[in-house]
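What follows is a single structure, written as structure tokens, with notes after it.
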Amino acid sequence: MAGMRADHAVGRTSPPSVLVVNQDPVARNRIVAVLAAAHFDVSACASAAEALALLRIARRNAMVVDASLEGGTSVELLHACVAAGVAPATIMTTARGEIETAVEAMREGFSDYVAEPFDDRLTQALLSALSSSSSSSISPIRGARR
């Protein structure tokens with residue numbers, strides 16, 4: 001997968017748009033750099049409230065959300081996005097790879113769960129989520145129809 005362009009991998013002429021939500025500026029910038037290098041159109045913010053506001057203004061194809069957020073959890077953010085009708089394919093990230101957190105993420109409707117280091121695993125998870133979301137009519141939360 002190394003070197004694959006995100007826009008070509010999902011059959012697009014323009015790069016998929018991704019919103020990165022992470023309160024830690026170092027981690028946020030690292031994720032943005034990884035995704036930009038893979039040719040995603042990346043924007044970023046630090047909080048759940050800011051993410052929801054940005055998604056209401058401009059939809060994104062995907063969202064990468066840290067498990068720990070200021071002003072709410074990643075699960076609460078995903079549920080709020082679904083309720084507002086702006087939920088993109090969503091990947092949960094974390095610095096700690098805990099099985100319980102991964103299981104919760106999948107139960108709550110996240111497309112995938114990626115622990116650090118992010119590198120190609122995050123890019124692959126996003127490409128897979130984008131491919132699945134474009135071919136499915138199931139919303140990301142517990143199998144509800146869109």
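The values are calculated or read from the model by the stated rules, or taken from the named source; none is laboratory data. Note that the structure is a prediction, hence the values are computed from the model and not measured. All Cβ positions, even for glycine, are placed from backbone atoms using ideal geometry, and neighbour counts span all protein chains on display.
Tabulated data
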quantity: Test: residue in the range 84-101 that is in contact with a helix residue (DSSP H, G or I) (Cβ under 7 Å, 6 or more places away or on another chain) and charged (D, E, K, R); calculated: no
quantity: Positions within the range 80-112 being aliphatic (A, V, I, L, M), assigned to a helix (DSSP H, G or I) and more than 23 Å from I57 (Cβ to Cβ), in sequence order; calculated: I99, A102, V103, A105, M106
quantity: Residue check for A48: crowded, with 22+ Cβ neighbours inside 10 Å and touching a Pro at 6+ places or on another chain (Cβ under 7 Å); calculated: no
quantity: Test: residue in the range 47-69 that is out of contact with any Leu (no Cβ under 8 Å at 6 or more places or on another chain), among the polar types (S, T, N, Q) and part of a helix (DSSP H, G or I); calculated: no
quantity: Residue count, the range 56-75 (criterion: surrounded by fewer than 23 Cβ atoms within 10 Å (Cβ to Cβ), over 12 Å from L19 (Cα atoms) and of a type in the set (G, A, S)); calculated: 4
quantity: Looking only at the range 116-143, and only at residues there that are surrounded by fewer than 13 Cβ atoms within 10 Å (Cβ to Cβ) and on the phi < 0 side of the Ramachandran plot, the one that is modelled with the highest pLDDT; calculated: P117
quantity: Residue within the range 52-66 that is touching an Asp or Glu at 6+ places or on another chain (Cβ under 9 Å) and at pLDDT below 95 present; calculated: yes
